[in-house]
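Student: Here's a structure for you.
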Amino acid sequence: MKSKVTIVMVLLSLSVLLWSNGKQDGPAAAAAESKGPIEITWWHAMGGALGEKVDQIASDFNAGQSEYKVIPVNKGSYSDTMTAGIAAFRSGEQPHIIQVYEVGTGTMMAAKGAIKPVYEVMREGGVSFDPSAYLATVTGYYTTAKGEMLSMPFNSSTPVMYYNKDAFAAAGLDPENPPRTWEEVAEVSRILVDKGVVSAGFTTTWPSWLMVENFSAIHDIPLSTKSNGFEGTDAEFVFNQTLVVKHHEMLAKWQKENIFKYGGRQSTAGPLFNTAEVAMTFGSSAGYSGYRKNCDFNFGTSFLPYWASDVGGIRNSIIGGASLWVFEGHSAAEYKGVAEFFSYLSSAEVQADWHQFTGYLPITYAAYDLTKKQGYYDANPGAETALIQMTTNQPTANSKGLRFGNYNQIRDIINDEQEAIFSGAKTAQQGMDDAVKRGNELLRQFEKANG
Amino acid sequence: MRDKQIIYKNPVLPYLLILPELVIILLFFFWPAAQAFYQSFLREDPFGLSSTFIWFDNYRDVLTDPFYLSSLKTTVLFSFWITLFSMSIGLILAWLVFQLRERDTYQTFIIWPYALAPAVTGVIWYFIFNPTLGVLPWVLSLFSVEWDPRLLGKQAFLMVTIALSWKQISYNFLFYLAGLEGIPKSYTEAAMVAGASRRQIFSLIIRPLLAPTTFFLLTMNMLYTLFDSFGAIHNLTHGGPNHATENLVYKVYADGFIGLNLGGSSAQSVIIMVMAVGLTLFQFRFTNRGGRA
């Protein structure tokens, strides 16, 4: 009998242990218990060299003062990080700061009650904060109609054209005079392929970001009604009625003629350019250092091309990348620490260094000027292309950015339909009609869930 | 067997003894399953700030979603081809190895792939199949076959099928080999004395005696393609191009984790759960009747 009682006791205590393990103390409680600096957790999605840079920024901040300690934690890919953040919020274990990619912006903005707007954090933290010091085309993406900044831009990039100068020279083309229009891109590609220098003219990374979103911005045409979603969640896509359709018709035709070679979603097309299979690619300005490391030929950067048959020149391009959001549910002292950290992060020195190291855009004018003064662009002329493209023109309603809920899935839908168009399964019109139809369904879903 | 059955005098003790296991199942299966079941009736924003009880709307949306139906079809096709490939190749290899005197080396090498994590398998095949970096596209280009699974759905499907079958061949091989070893030698020897050919021995003696193993493997392979295919699909195609390789499990992930549509994703996982339970019950029923495996 005694042994049975022991067994029961052991089992009971085991199950109690299991239960209590599942419940952990919230971050607020943990911070209050510790005597040292106030800890600020920062979940991010920066891997490799970028992740090391993030660690360095945090440890520099920690070394500069003793009140706060920022702890960066890598949570995997962008979508992993966002999902982890959301799950953490639901169980009351959210970090202070989370990095969310630009397609998650609509979702985060709608999450009132989960998110503490950055302008509030800065005001309550008593940190001097001037939104006009930030690059308008960057902050515009993360700011309400009233001009209130909701998240802190961190790593923003914009796409540019990369071209292989050696290949241009080998085909008898001027390596210092890259094509500016789509007409020229096609012509140059034909020459490059005919001369046998490359197997196809150009490819693109991030096919929706480049060929639909940025394509529309630089041609000053709308993606949807309601100023690309800035004016309300009831926006409807219209890109099946614009130049985007003709452009995809041409891309599909070019795919057959080896002028264009589809290289997959996200940045999987990168190796096509690295291995000189194609002579031109379109991609994030943040890819600059990667190409410099991986290409054993000379390459240059240039502006995104436009259809000379339809417009006279380009507007600004729009950004991609990610921003830092602050979660609700922490103490005032912790938010003060977040404010201090954001202020440090925005300083010209930190931003200029981040910009030069990664190829992401500097988020303040001061950082841009500092980089100029340091002579960085004289040494790396290709690195300024993105900034010129972003800042030369005043953004319009069509080039301010985009703000759609569920955009992560919608971008996948656009990718689906682009693939169907490029493989010849659908015409450009059919594909874009379907993308708009399916995209609108998701917009309505989002409207319902958040309305 | 009945005479060996132990009857406990204390009616509570057996339950206490299985309590730890029950606690684990409760925590890691019933609790999340119940949550998924509940969530499948809600429309929620990702953060759980507002939720509306909408009865079967999520199920209706899922079942009328053409991509859900296509993922169902993809799942069935994957199951069919992967089961066919891996079981037939597994059986052939097992039969060949079984006839050898020295089996250990072959056995080890053939079983080896099974020890690899699905993600690793995905990466290996990614490098073989990658249109830009891979070996296979280069070989195919010598025969002027264009390889581009990034655009061509059929090629992507074939690629995932090969990657998934490869690993499963080891598993099937192992069970078939054990099955073959379990067949009394006297049967085949008697057949040989009677003058049966190898083919006759295989089709008239071996194959029927392996039937319980085949049946067991059939269910296991179907469960495998239903649940363990995620890693390979995620690494190779992300379900694309244009949903050509998106099966049920991958769609749960894509809608729930990428799309943050928790209600719809939960409804899908409930449907899969029902399917898996059905498949398992089916297997239990028939294997018990057969009295083997």
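Student: What is the mean number of Cβ atoms from other protein chains located within 10 Å of the Cβ atom of each residue in peptide A:89-95, rounded to a whole number? Present the calculation step by step, with values, prior to reporting the outcome.
Tutor: Numbers: counts 4, 6, 1, 0, 0, 1, 0.
Other-chain Cβ atoms within 10 Å of each residue's Cβ, averaged: 2.
Student: A further question follows. Along the charge dipole of the stretch B:56-290, pointing to its positive end and built from +1/-1 on Cβ of Lys, Arg, Asp and Glu, which listed residue (B:Ile110, B:Thr64, B:Gly278) has its Cα farthest out?
Tutor: The one lying farthest along the dipole's positive direction is B:Ile110.
Student: For chain A, rounded, prolate or oblate, judged on the Cα gyration tensor with a ≥ b ≥ c (square roots of eigenvalues), a/c < 1.5 rounded, else prolate if a/b > b/c?
Tutor: Numbers: a/c = 1.87, a/b = 1.61, b/c = 1.16.
Cα axes put chain A in the prolate bin.
Student: P(r) of the stretch A:258-407 in 5 Å steps, Cα pairs, percent per bin?
Tutor: 1, 7, 13, 16, 17, 17, 13, 7, 4, 2, 1, 0
Student: With θ set to phi - 60°, apply the Karplus curve 6.51 cos²θ - 1.76 cosθ + 1.60 along the stretch A:121-137 and write out the HN-Hα couplings as whole Hz, x wherever there is a Gly or Pro.
Tutor: The phi angles translate into 4, 5, 5, 5, x, x, 9, 5, 8, 10, x, 6, 6, 8, 4, 4, 5 Hz.
Student: State, to one decimal in nm, how far the label point of B:Arg207 lies from the label point of B:Val274, with both points 7 Å from Cα in the Cβ direction.
Tutor: Using points 7 Å along Cα→Cβ, the separation is 3.7 nm.
Student: Oh, and also: Mind checking which lysines have their C-alpha under 21 Å from A:Lys146, skipping anything on the same chain fewer than 8 residues away?
Tutor: A:Lys146 reaches A:Lys112, A:Lys116, A:Lys226, A:Lys400.
Student: Projecting each Cα onto the charge dipole of the protein assembly as shown (Lys/Arg +1, Asp/Glu -1 at the beta carbon, about the Cα centre), which of A:Val245, A:Ala136, B:Thr161 comes out farthest on the positive side?
Tutor: Highest projection toward the positive end goes to B:Thr161.
Student: Read phi for every residue in the stretch A:438-443 and hand back ³J(HN,Hα) as whole Hz from Karplus 6.51 cos²θ - 1.76 cosθ + 1.60, θ = phi - 60°, with x for Gly and Pro.
Tutor: Going residue by residue, I get 5, x, 4, 4, 5, 5 Hz, with x marking Gly and Pro.
Student: Other chains' Cβ within 10 Å of B:234-244 residues: what's the mean?
Tutor: Values: counts 0, 0, 0, 1, 6, 2, 6, 11, 12, 4, 2.
Going residue by residue through B:234-244 and averaging, the value is 4.
Student: Inside 10 Å of the C-beta atoms of B:258-271, what's the mean count of C-beta atoms belonging to other chains?
Tutor: 3
Student: Can you give the charge dipole size of the protein assembly as shown about its Cα centre, rounded to the nearest 20 debye, using +1 on the beta carbon of Lys and Arg and -1 on the beta carbon of Asp and Glu?
Tutor: Once rounded to the nearest 20, the dipole reads 3020 debye.
Student: Which value in nm describes the separation of the simple spin-label points at B:Val12 and A:Ala333, placed 7 Å from the Cα toward the beta carbon?
Tutor: 4.9
Student: Quick one: which residues, 5 or more positions from A:Gly201 or on another chain, have an amide H under 5 Å from its amide H? H modelled 1.01 Å from N in the peptide plane, none for Pro or chain starts.
Tutor: Residues meeting the criterion, in which the H sits 1.01 Å from N, are A:Ile259, A:Phe260.
Student: I've got another one for you. Hey, if you put +1 on the Cβ of every Lys and Arg and -1 on every Asp and Glu Cβ in the stretch B:56-290, which of B:Ser229, B:Thr213, B:Gly122 ends up farthest toward the positive end of that dipole?
Tutor: B:Thr213
Student: Classify the stretch B:1-111 as rounded, prolate or oblate, taking a ≥ b ≥ c as the square roots of the eigenvalues of its Cα gyration tensor: rounded when a/c is under 1.5, otherwise prolate if a/b is larger than b/c and oblate if not.
Tutor: On the way: a/c = 3.12, a/b = 1.25, b/c = 2.50.
Verdict is oblate for the stretch B:1-111.
Student: Quick query: amide H of A:Lys116 versus all other amide H atoms, modeled in the peptide plane; which residues come in under 5 Å with a sequence gap of 5 or more or a different chain?
Tutor: The list, which skips near neighbours in sequence, is A:Val326, A:Phe327, A:Glu328.
Student: Something else now. When all C-alpha to C-alpha distances in the stretch A:248-344 are sorted into bins of 10 Å, what percent of pairs does each bin hold, rounded to whole numbers?
Tutor: Going from the shortest bin to the longest, the percentages are 11, 29, 27, 15, 13, 5, 0.
Student: Report, in listed order, any pair from A:Lys195/A:Lys261; A:Lys246/A:Lys426; A:Lys165/A:Lys246 with a Cα-Cα distance greater than 19 Å. Present the calculation step by step, with values, prior to reporting the outcome.
Tutor: Values: A:Lys195/A:Lys261 17 Å; A:Lys246/A:Lys426 14 Å; A:Lys165/A:Lys246 29 Å.
With Cα atoms farther than 19 Å apart: A:Lys165/A:Lys246.
Student: Can you give the FRET efficiency for A:Phe357 and A:Arg444, using 1/(1 + (r/R0)^6), R0 = 41 Å, r = Cβ-Cβ distance, to the nearest 0.05? Intermediate values should be presented prior to the final figure.
Tutor: Numbers: r = 42 Å, r/R0 = 1.03.
With a Förster radius of 41 Å, E is 0.45.
Student: Around A:Glu447, with a cut-off of 14 angstrom between Cβ atoms, what is the net charge of the other residues, counting Lys and Arg +1 and Asp and Glu -1? If you can, show how the numbers build up before the last one.
Tutor: On the way: positive: A:Lys226, A:Arg403, A:Arg444, A:Lys448, B:Arg43; negative: A:Glu231, A:Asp234, A:Glu236, A:Glu441, B:Asp45.
The answer is 0.
Student: Rounded to the nearest Å, what's the spacing between the alpha carbon centres of the stretch A:322-366 and the stretch A:69-121? Just the number, please.
Tutor: 15
Student: Let me ask another. Determine one quarter of the surface area of the Cα convex hull of the stretch A:172-233, which equals its mean projected area, and express it in nm² to one decimal.
Tutor: For the stretch A:172-233, averaging the hull's shadow over all directions gives 5.6 nm².
Student: Would you calculate, for chain A, the mean residue ellipticity at 222 nm contributed by helices, counting each DSSP H stretch of 4 or more residues as -39,500 (n - 2.57) and dividing by all residues, to the nearest 500? Show your work: numbers first, answer last.
Tutor: Values: 21 runs with 212 residues, N = 451.
Rounded to the nearest 500, the figure is -14000 deg cm²/dmol.
Student: Moving to a separate point now. Using 25 Å as the Cα-Cα cut-off, could you pick out the over-long pairs in A:Lys293/B:Lys154; A:Lys53/A:Lys372; A:Lys53/A:Lys293? Mind dumping the intermediate values first?
Tutor: Values: A:Lys293/B:Lys154 35 Å; A:Lys53/A:Lys372 21 Å; A:Lys53/A:Lys293 17 Å.
Going by Cα-Cα distance, A:Lys293/B:Lys154 fall outside the 25 Å limit.
Student: For chain B, what is the charge dipole size about the Cα centre, in debye to the nearest 20, if Lys and Arg each add +1 at the Cβ and Asp and Glu each add -1 at the Cβ? Before the final figure, lay out each step's value.
Tutor: On the way: 19 positive and 16 negative charges, 231 e Å.
With Lys and Arg at +1 and Asp and Glu at -1, about 1120 debye.
Student: Moving on to the next point. Using only the Cα atoms of the stretch B:56-290, build the gyration tensor, take square roots of its eigenvalues as a ≥ b ≥ c, and label the shape rounded, prolate or oblate: rounded if a/c is under 1.5, else prolate if a/b is larger than b/c, else oblate.
Tutor: Details: a/c = 2.65, a/b = 1.48, b/c = 1.79.
It comes out oblate by the Cα gyration axes.
Student: Additional query: What does the charge dipole of the stretch A:262-394 about its Cα centre add up to, to the nearest 20 debye, if the Cβ of each Lys and Arg holds +1 and the Cβ of each Asp and Glu holds -1?
Tutor: About 180 debye.
Student: Could you tally the net charge around A:Leu243, taking each other residue with its Cβ under 14 Å from the Cβ of A:Leu243, Lys/Arg +1 and Asp/Glu -1?
Tutor: Numbers: positive: A:Lys246, A:Arg315; negative: A:Glu183, A:Glu213, A:Asp220, A:Glu249, A:Asp310.
So the environment of A:Leu243 carries a net charge of -3.
Student: In addition: Rounded to the nearest 0.05, what FRET efficiency do B:Glu189 and B:Phe286 have when you use their Cβ-Cβ distance and R0 = 30 Å?
Tutor: Working: r = 31 Å, r/R0 = 1.03.
Using R0 = 30 Å, I get an efficiency of 0.45.
Student: Considering only the other residues whose Cβ falls under 15 Å of the Cβ of A:Gly313, what net charge follows from Lys and Arg at +1 and Asp and Glu at -1? Write down the numbers at each step before the final one.
Tutor: On the way: positive: A:Arg180, A:Arg315; negative: A:Glu183, A:Glu184, A:Asp220, A:Asp310.
Its environment carries a net charge of -2.
Student: Right, something else. Take the Cα of A:Lys112, step 7 Å along the line toward its Cβ, and report every residue of the stretch B:42-78 whose backbone nitrogen sits under 11 Å from that point.
Tutor: none
Student: Now for a separate question. Using a simple spin-label model with points 7 Å from Cα along the Cα→Cβ vector, what separation in nm is obtained for A:Gln374 and A:Glu184?
Tutor: Modelled inter-label distance: 3.1 nm.
Student: Here is a follow-up. So if R0 is 41 Å, what FRET efficiency would A:Asp296 and B:Ser70 give, r being the distance between their Cβ atoms, rounded to the nearest 0.05? Provide the component values of the computation, followed by the final result.
Tutor: On the way: r = 43 Å, r/R0 = 1.05.
Efficiency for this residue pair is about 0.45.
Student: Right, something else. Which far-off residues, 5 or more places away or on another chain, put their amide H under 5 Å from the one on A:Phe154, with H placed in the peptide plane?
Tutor: Answer set, sorted by chain and number: A:Ala322, A:Ser323, A:Leu324.
Every number in this text was worked out from the coordinates using simple rules, so none of it is lab data. Every value quoted in this text rests on a predicted model; they were computed, and no experiment measured them. No Cβ is skipped: glycine too gets one built from the backbone with ideal geometry, and neighbour counts run over all protein chains shown.
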